[in-house]
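Novice: Here it is: the structure, laid out below.
Only the coordinates and a few stated rules stand behind these numbers; no lab work does. Quantities reported herein were computed from a predicted structural model and do not represent experimental measurements. Quick reminder, even Gly has a Cβ in these numbers, built from the backbone with ideal geometry, and neighbours come from all protein chains shown.
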Amino acid sequence: MGPHVHSTEEIIRDLLAENKIILLEGAQGTLLDIDHGSYPYVTSSSPSIGGACTGLGLNPQAISGVLGVFKAYSTRVGEGPMPSEMHGEVADGLREKAQEYGSTTGRPRRVGWFDALAGKYSRQLNGFTGMVVTRLDILDGFPSVKICVGYRVDGHELDRFPANTNLLARCQPVYQELPGWDRPTASATNLSQLPENAVAYVRRIEELVGCRVQIISTGPSRTETIVVEQFIR
């Protein structure tokens, strides 16, 4: 092998043997997982926690923590079921404010309210020990915010994410509406700087997904971050 080409498995094992901290970052999202996503609207690999093991030759017992990263609202690129999708002026306004356009194609992303059923499914599948909520500042100024807390289909209500994509495509969202906040969260670096209603929104997401929010992002800058709990010890 050349000087810049080496076995990834050996590098990882050597670092672990030295008790080094290794941070792995996955791409895309759980619902695009080829095995556990909303097939056939998926990618060709495993962006769930299983991909960390198969992609790096990593022993699963070496993983000490798993952070799930969520936007404060939902987005999706391309086709596929998205029960909490927004339409009309609210969707257009959020998309423009957040600049939710494909970085390569420029194609508008689909946007929706936070889907707690999809979030809980992702937590259960990946074993999240904590969560990161990004783009909270995008919801600044909304008179109210919604969270999808269930689905309604064929006269029945579902309280869990369905494995059948055709069934998911027929699901209608069941929303809980919470009051918005009129003070900005943008650029906040401490939880005490957030409006009470913004904190309540984050806490409700915690309850519904089933794990603690450890980091909140309040803007595009690296410094616009609230570390609620240390996730690396």
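Novice: GNM on the chain, C-alpha springs below 10 Å: top fluctuator among SER64, SER84, SER144?
Specialist: So, out of SER64, SER84, SER144, the one fluctuating most is SER64.
Novice: A further question on this structure: Taking the Cα centroid of region 93-132 and of region 22-40, what is the distance between the two, rounded to the nearest whole Å?
Specialist: 13
Novice: Give the longest segment of the chain that steers clear of GluC sites (Glu not before Pro) in DSSP loops with at most 12 neighbouring Cβ atoms within 10 Å, not counting the sites themselves.
Specialist: 80-228
Novice: Describe numerically, in nm with one decimal, the distance between label points set 7 Å from Cα along Cα→Cβ at ALA27 and at LEU191.
Specialist: 3.4
Novice: So who's got an amide H within less than 5 Å of the one on VAL174, skipping anything under 5 residues away but keeping other chains? H placed 1.01 Å off N, in plane.
Specialist: Here the answer is VAL149, GLY150, TYR151, ARG152, since their amide H atoms fall under 5 Å of that of VAL174.
Novice: For the chain, what is the calculated [θ] at 222 nm in deg cm²/dmol (nearest 500), taking -39500 (n - 2.57) for each run of four or more DSSP H residues and dividing by its residue count?
Specialist: Details: 6 runs with 59 residues, N = 233.
One gets -7500 deg cm²/dmol as the mean residue ellipticity at 222 nm.
Novice: Excluding same-chain residues fewer than 8 positions from LYS97, which lysines have a Cα within less than 24 Å of its Cα?
Specialist: LYS71, LYS146
Novice: Please check: in the Gaussian network model of the chain (C-alpha springs, under 10 Å), which one of ALA52, ALA17, ALA118 has the largest mean-square fluctuation.
Specialist: Checking each option, the largest mean-square fluctuation is seen for ALA17.
Novice: Right, next: Expressed as cubic angstrom per residue, what is the convex hull volume of the alpha carbon set of region 122-165?
Specialist: Convex hull volume per residue, Cα atoms: 130 Å³.
Novice: Give me the net charge of ILE216's neighbourhood, meaning all other residues with Cβ under 10 Å from the Cβ of ILE216; Lys, Arg count +1, Asp, Glu -1.
Specialist: Once positives and negatives cancel, what remains is -1.
Novice: Suppose we keep just the alpha-carbon trace of region 1-103; what are its Rg and Dmax in angstrom?
Specialist: Here Rg and the maximum Cα pair distance are 18.1, 56 Å.
Novice: Another one. Please compute the contact order of the chain in relative form: average sequence separation of alpha-carbon pairs under 8 Å and at least six residues apart, divided by the residue count, as a percent.
Specialist: 17
Novice: Next up: Scan around VAL66 for amide H atoms under 5 Å from its own, H built in the peptide plane at 1.01 Å from N, and keep only partners 5 or more places away or cross-chain.
Specialist: The answer is THR129, GLY130.
Novice: For log10 I(q)/I(0) by the Debye sum over Cα atoms at q = 0.08, 0.10, 0.15 Å⁻¹, one of [x] -0.33, -0.51, -1.11; [y] -0.39, -0.58, -1.06; [z] -0.29, -0.45, -0.98 was computed from the structure I shared and the rest are decoys. Which label?
Specialist: [x]
Novice: Now for a different question. List every residue whose amide H lies under 5 Å from the amide H of VAL145, counting only residues 5 or more places away in sequence or on a different chain, with H placed 1.01 Å from N in the peptide plane.
Specialist: LEU178, GLY180
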